[in-house]
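A short worksheet on the structure shown next.
Bear in mind that the values in this text are calculations on the coordinates, not laboratory data. Note that the coordinates shown come from a computational prediction; the quantities given were computed from them, not determined experimentally. Cβ coordinates were reconstructed from backbone atoms using ideal geometry, including for glycine residues, and neighbour counts include every protein chain displayed.
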Amino acid sequence: MRIIKATLEHLDLLTPLFVKYREFYGQLPYPDSSRSFLEKRLRRDESVIYLALPDDDDSKLLGFCQLYPSFSSLSLKRVWILNDIYVAEDSRRMLVADHLMREAKKMAKQTNAVRMRVSTSANNEAARKTYASIGFRKDTEFESYILPIQPD
C-alpha cells in the first residue's frame, strides 16, 4: 500500500469515495458539489488530503483522509484537524486508516504542530478504537460545543 498526497489530478479518483463518506454520515451524495468542494480545497491549499492506493494499481482508491490547518493561541503553534477519514468497504481490515493516520501524524510533526484533533460520532466504536491505537486520547481538559449557523 502506498500513501500519497492528493493533487488536482486525483479528483476523479477521490470524488466517488468522498461521496460515499458523506453518505455514510447521512448526507445526500451531490457528486458535482462534492467534486467542486474538494477542488477548491486543493486549489487554495486549504487542506491536505492523503490517498491510500494499492502498490500496483493507481486506479483504485483504498481510502483517504483530509486535514485542515488550524492554530493554538495558547501554545502558539499549528494544529491539524483530521476532519475526514474513510476506507472503501472492500478495503476494510487492511489497516488502511492506520497507514493514512500515520502519514498525517508524520506531516504534523514535519510542520511543527503541537497536536492533531479528530472527532467522530459517539457510536463509531471502530473509529474510536483505531484513533486510540494511533495514540489519540479523549480530551478531558476542554469540552467542545457547536453553534449551527442557519442562513437568513
Problem - MRE, 222 nm, helices only [DSSP H, n ≥ 4, -39500 (n - 2.57), over the chain, to nearest 500] - result: -11000 deg cm²/dmol
Handout entry: Under 19 Å from the Cα of LYS138 - lysines, other chains or at least 8 residues apart
Key = LYS105, LYS129
Problem - Net lengthening on full extension, SER73/LEU147 (0.36 nm per residue, minus Cα-Cα) - result: 24.6 nm
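Once you sort the root eigenvalues of the Cα gyration tensor of segment 29-118 as a ≥ b ≥ c, which label holds: rounded (a/c under 1.5), prolate (a/b larger than b/c) or oblate (the other case)?
Values: a/c = 2.30, a/b = 1.40, b/c = 1.64.
In terms of gyration-tensor shape, oblate.
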Handout entry: Normalised contact order of segment 2-134, rounded percent, pairs of Cα under 8 Å and 6 or more residues apart
Key = 21 percent
Exercise for the section: At q = 0.11, 0.15, 0.17 Å⁻¹, work out log10 I(q)/I(0) for the chain with the Debye formula, treating every Cα as an identical point scatterer and leaving solvent out; two decimals please. Expected result: -0.45, -0.85, -1.11
Completion exercise
Ranked output for segments 142-152, 44-54 by mean other Cβ atoms within 10 Å, highest leading, reads 44-54, 142-152
Practice task
Pull out the extension gain between TYR30 and ASP56, defined as 0.36 nm times the separation in residues minus the alpha carbon to alpha carbon distance; nm, one decimal.
Solution key: 6.3 nm
